[in-house]
Amino acid sequence: LREGNLTRNPDGNQESKVALATFPVGHYVNHRTMRLNNESRGYVFAFVGDEQATPHFMRYSGLTGACINAMLFNNFIKTAIDGSSFEDRFRTYSKETNWSNGEVVTRGTGSNFGRDGFLRPGFSYEHGIDFLHSKVVEYMETKQDLNNILDDDWKAKFAAALIPKGLEFNEMFRHSFYEITQTTIFDKILKEAKMDKTIPNKGLEAALMQRKQEMVHKRQELGADMYWSEFIADIDGLDDRVKVRMMEFHCEVAKRLEQTVDQIVSFATKGALYDDRLPSQVHSQPKPVDSIVDDFAVQAQNFANSLTMSSAFSAGAVAFNLVDILGNGSGVAGIFSGIIGGLNILLSFGTMANVSQYKIRNEEARTLFYDEKFLGVKKAAFCLMGRAERQGVPERLNPFLECIDTSVQEFVNATRYYDVESPKSFLEVYNEFKQNRNDPTALNEFQRLLTTYFIPEVYHVNSYIQERLVEVHRNCDEMQRMLWSTTKKEV
């Protein structure tokens with residue numbers, strides 16, 4: 001969103017129709033650093049400058065990335081003149097360009113969680129697998145290590161887009177995620193095999209689809225290596241030439257794709273385990289001392305002490321004045337009375353300041369308690385109720401449902417903000433759960449749909465919306481613990 005400077009017409013009276021201008025922004029990374037056309041003759045197809053990688057609108061990293069890419073391509077040509085082999089030049093160009101592309105995108109995404117970056121990585125499963133498929137083929141052509149297709153920098157980007165923070169250890173989400181990615185990988189391999197001009201494709205799709213159905217029960221039992229080896233070894237309806245091509249190339253690519261996806265999940269899980277999935281270091285710095293050492297009680301004591309001292313000075317001034325009146329009238333006691341009375345006036349200003357500050361701090365403490373602690377007190381009281389008493393609590397007074405309602409509303413607002421289709425199906429499921437809000441099985445079903453359908457499938461492209469759904473799931477977890485604990489007590 002860019003603010004225009006044409007807020008009024010030149011006459012200064014009528015507002016201009018061009019006050020704000022909007023335009024879409026996004027990251028762009030080419031799937032291939034360079035495409036090999038003819039290895040024997042050294043023919044390649046390169047993507048140079050911004051066509052290789054560019055962040056959102058006119059970031060300096062895009063200009064730097066384009067410059068570095070042009071330099072790398074110049075080096076690729078120069079080393080040919082120097083006598084370096086095509087294979088070595090191709091491998092060097094691929095490694096360095098992949099690094100440069102990662103740096104270009106990192107400048108726009110920050111640490112990939114949005115709070116310190118302009119955009120988060122986001123893409124559909126199909127686009128993500130397309131990118132990884134191109135990288136696997138590129139690593140095959142350049143003879144690089146196929147066990148490490150992505151370095152940690154790229155794993156962080158893919159993990160941020162595919163694995164929501166907070167669901168790294170959720171088994172239902174992981175199971176659904178693997179099912180979706182495995183299906184996407186199979187569809188990609190099928191598409192590439194049908195386009196492979198080195199083998200006949202007549203009957204290929206039918207044979208592969210039939211074999212997939214036959215091995216459904218082995219999908220989760222076997223690892224990627226064993227699954228794809230058995231997949232082709234015992235397939236019917238294909239001649240040996242097709243089997244060899246499928247085994248040596250297409251199935252090898254599929255194995256590496258599944259291996260890379262598993263590495264991304266492991267990277268996200270390790271990051272969650274060691275608390276490394278943070279927006280930036282600024283969010284993990286220790287709190288200031290005054291947030292740990294609370295001087296509120298000391299200030300309350302100072303308030304009482306200042307009142308006591310002011311009363312003592314007042315009593316002293318009155319006493320000296322009485323001595324002067326009832327004594328010989330020399331005026332010495334009156335002088336002391338005046339001095340103490342003057343000091344008491346100065347002390348009174350400090351007392352008034354302490355009273356005012358104590359009053360403000362007291363009001364802030366009550367507000368803070370209401371905003372951050374009172375809901376927890378209501379939840380604790382609600383947990384002490386039996387099921388019959390909870391059934392009688394109106395929906396608007398249920399503290400657990402209040403938390404879930406707030407997070408659901410944030411999710412709905414996010415769908416509007418990011419121009420996503422209205423979440424009618426989600427709201428229908430949520431309203432059905434609310435009708436049976438005190439039934440643990442109804443809550444279980446709602447959470448199951450969150451982790452197996454809405455988060456990994458419906459809203460997987462936009463991680464900002466996913467984040468809101470993860471918050472809904474987190475609040476449901478809290479309610480789930482309460483429901484099961486009270487149910488056990490009643491039993």
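What do you reckon, is L238 within 30 Å of E192 (Cβ to Cβ) and either modelled with pLDDT under 85 or not in a helix (DSSP H, G or I) (or both)? Spelling it out, L238 is indeed within 30 Å of E192 (Cβ to Cβ) and either modelled with pLDDT under 85 or not in a helix (DSSP H, G or I) (or both).
Checking each residue in the range 205-235 for being aliphatic (A, V, I, L, M) and either within 23 Å of R174 (Cα to Cα) or at pLDDT 85 or above (or both) picks out A206, A207, L208, M209, M215, V216, L222, A224, M226. When the range 368-383 is filtered for residues that are exposed (fewer than 11 other Cβ atoms within 10 Å of the Cβ) and over 30 Å from the mean Cα position of the chain (by Cα), only A381 remains.
Considering only the range 356-377, I want to know if a residue exists there that is part of a helix (DSSP H, G or I), within 30 Å of S311 (Cβ to Cβ), of a type in the set (A, V, I, L, M, F, W, C) and modelled with pLDDT of 75 or more. Checked against the condition, which is being part of a helix (DSSP H, G or I), within 30 Å of S311 (Cβ to Cβ), of a type in the set (A, V, I, L, M, F, W, C) and modelled with pLDDT of 75 or more, the range 356-377 yields at least one hit.
In the range 209-238, of all residues being free of Cβ contacts under 8 Å to residues at least 24 places away in the same chain and of a type in the set (D, E, K, R), the one that is most open to solvent (accessible area, probe 1.4 Å) corresponds to E221.
Within the set of pairs 6 or more residues apart or between chains, which connect a residue that is within 17 Å of M172 (Cβ to Cβ) and aliphatic (A, V, I, L, M) inside the range 446-471 to a residue that is part of a loop (DSSP other than H, G, I, E, B) and open to solvent by 40 Å² or more (accessible area, probe 1.4 Å) with Cβ atoms less than 6 Å apart? So the pair list comes out as V470/G166.
From N475, N398, which residue is of a type outside the set (D, E) and open to solvent by 10 Å² or more (accessible area, probe 1.4 Å)? It would help to see each step written out before you state the result.
Details: N398 fails: open to solvent by 10 Å² or more (accessible area, probe 1.4 Å).
None of the other options fit; the residue is N475.
Condition (residue is hydroxyl-bearing (S, T, Y), at pLDDT 85 or above and either open to solvent by 10 Å² or more (accessible area, probe 1.4 Å) or assigned to a helix (DSSP H, G or I) (or both)) applied to the range 101-119: is it met by at least one residue?
Taking the range 101-119 first, the residues hydroxyl-bearing (S, T, Y) are 106, 109, 111.
Keeping just the survivors that are at pLDDT 85 or above gives none.
Scanning the range 101-119 turns up no residue that is hydroxyl-bearing (S, T, Y), at pLDDT 85 or above and either open to solvent by 10 Å² or more (accessible area, probe 1.4 Å) or assigned to a helix (DSSP H, G or I) (or both).
Does E179 fit the bill of being in a helix (DSSP H, G or I), open to solvent by 20 Å² or more (accessible area, probe 1.4 Å), more than 16 Å from Y125 (Cα to Cα) and modelled with pLDDT of 90 or more? Here the answer is no, as E179 does not meet what is asked. Kindly check whether there is at least one residue in the range 395-411 that is in a helix (DSSP H, G or I), among the aromatic types (F, W, Y) and more than 31 Å from the chain's Cα centre (by Cα). Within the range 395-411, none of the residues are in a helix (DSSP H, G or I), among the aromatic types (F, W, Y) and more than 31 Å from the chain's Cα centre (by Cα).
The values are calculated or read from the model by the stated rules, or taken from the named source; none is laboratory data. Worth saying up front: this structure is predicted, and the values here are computed from it rather than measured. Neighbour counts run over all protein chains shown; Cβ positions are idealised from the backbone, glycine included. Keep in mind that these areas ignore ligands, DNA and RNA; they rest on the heavy atoms of the full protein, side chains included. Shrake-Rupley method; radii C 1.70, N 1.55, O 1.52, S 1.80 Å.
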